[in-house]
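The values are calculated or read from the model by the stated rules, or taken from the named source; none is laboratory data. Just so we're clear, the structure is a prediction, and the values are computed from it rather than from any experiment. Heads up, the Cβs are rebuilt from the backbone with ideal geometry, glycines too, and the neighbour counts pull from every protein chain shown. In case anyone asks, the SASA skips ligands and DNA or RNA and just uses the protein heavy atoms, side chains included. Shrake-Rupley method; radii C 1.70, N 1.55, O 1.52, S 1.80 Å.
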Amino acid sequence: MADFTIRPAGVGDGSFLADMVVEAANWHGTSTRPRPAVLSDPVYRNYIAGWPRPADRGFVADDPQQRPVGAAWYRLLAADVPAHGFVAAGVPELIIGVTPVWRAQGVGRALLQALTDAAHAAGFSRIALSVEHGNHAESLYRSEGFAVVASRGGRDTMVRRLG
Ligand SMILES: CC(C)(COP(=O)(O)OP(=O)(O)OC[C@H]1O[C@@H](n2cnc3c(N)ncnc32)[C@H](O)[C@@H]1OP(=O)(O)O)[C@@H](O)C(=O)NCCC(=O)NCCS
């Protein structure tokens with residue numbers, strides 16, 4: 001396995017988490033949306049605005065020089081704010097991203113496992129996400145116990161039961 005470590009995300013990680021929102025929005029790599037455009041999008045902005053809110057929880061993967069290379073976090077969103085993967089009040093939605101050179105080396109799976117363990121420990125019974133059709137991330141999510149509960153607009157909403 002590649003040489004990285006996982007730690008809880010803190011107050012100072014907001015800018016890197018925003019970078020990972022941009023990576024998630026540009027996963028296909030064909031038409032890259034600039035950072036300001038992604039972060040002013042009402043949906044993507046909701047995943048990071050005001051980080052950290054009291055119920056937010058996340059993890060960062062660092063390389064051996066303590067530089068962040070990936071992050072996953074969850075956030076509780078209300079029904080009336082724009083979101084891709086809203087399922088129900090009280091079900092957090094997660095976002096995940098890994099910097100391009102660190103992909104396919106186990107970072108994403110390690111972050112996802114840390115985050116779902118933390119969500120369970122925090123008392124949540126489910127955690128949700130949204131993934132666009134064609135993104136290989138869906139096979140990662142399936143292998144970590146997520147199942148599709150809705151499909152619309154070229155995206156799947158997936159949920160994992162915890163515990
Ligand atoms: C999706 C993402 C977070 C996964 O992180 P990662 O560190 O690359 O994933 P891992 O190395 O832990 O791989 C886990 C699984 O993902 C899948 N996977 C990863 N890279 C893959 C690739 N290039 N092609 C196909 N499947 C791949 C495999 O199922 C893999 O399982 P395996 O370990 O049994 O081979 C990362 O690739 C990424 O940031 N992508 C761009 C942003 C994005 O799509 N975010 C999610 C939006 S919903």
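What percent does the relative contact order of the chain come to when contacts are Cα pairs within less than 8 Å and at least six residues apart? Walk me through the numbers on the way to the answer.
Numbers: 281 pairs, mean separation 33.7, N = 163.
Once normalised by length, the contact order is 21 percent.
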**Study point:** Vicinal HN-Hα couplings computed from phi for the stretch 2-19 (Karplus, 6.51 cos²θ - 1.76 cosθ + 1.60; Hz; Gly/Pro x)
**Key:** 5, 8, 9, 10, 10, 9, x, 6, x, 4, x, 9, x, 5, 5, 4, 4, 4
**Study point:** Residue-by-residue Karplus 3J(HN,Hα) for the stretch 123-138, coefficients 6.51, -1.76, 1.60, Hz, glycine and proline x
**Key:** x, 6, 9, 9, 9, 10, 7, 10, 9, 6, 4, x, 7, 5, 4, 4
Exercise for review: Return, ordered by residue number, the residues of the stretch 68-112 whose backbone nitrogen is under 17 Å from a label point located 7 Å along Cα→Cβ of SER139.
Suggested key: 103-110
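When the helices in the chain are scored as -39500 (n - 2.57) per DSSP H run of 4 or longer and the sum is shared across all residues, what 222 nm value do you end up with, to the nearest 500 deg cm²/dmol? Don't skip to the end; give the middle numbers.
On the way: 5 runs with 44 residues, N = 163.
Calculated at 222 nm, the ellipticity per residue is -7500 deg cm²/dmol.
Only loop residues by DSSP count here, and only those with at most 15 other Cβ atoms within 10 Å; note down the chymotrypsin sites (Phe, Trp or Tyr not before Pro) in the stretch 22-86 that meet that.
Passing sites in the stretch 22-86 are TRP27.
Relative to the Cα centre, what is the charge dipole magnitude of the chain, using +1 at the beta carbon of each Lys and Arg, -1 at the beta carbon of each Asp and Glu, and rounding to the nearest 20 debye?
Working: 16 positive and 15 negative charges, 49 e Å.
Charge dipole, the chain, about its Cα centre: 240 debye, nearest 20.
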Check your understanding: Hey, got the dipole for the stretch 1-70? About the Cα centre, +1 on K and R Cβ, -1 on D and E Cβ, debye to the nearest 20?
Key -> 240
Review point. What FRET efficiency comes out for the pair THR30/ALA121, r = Cβ-Cβ distance, R0 = 41 Å, nearest 0.05?
Key: 0.60
Review point. Whole-Hz Karplus ³J(HN,Hα) for the stretch 75-80, in order, using 6.51 cos²θ - 1.76 cosθ + 1.60 and θ = phi - 60°, x for Gly and Pro?
Key: 8, 8, 10, 7, 5, 9
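For the chain, which whole-number percentage of the solvent-accessible area (1.4 Å probe, protein heavy atoms only) is attributable to carbon and sulfur atoms?
Numbers: 4220 of 7840 Å².
Heavy-atom surface of the chain belonging to carbon and sulfur, 1.4 Å probe: 54 percent.
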Point to revise | Accessible surface, per residue, of the stretch 5-161 when the full set of protein chains is kept, probe 1.4 Å, Å² | key: 47
**Study point:** Nonlocal amide H pairs with GLY70, under 5 Å, H built at 1.01 Å
**Key:** ALA61, THR99
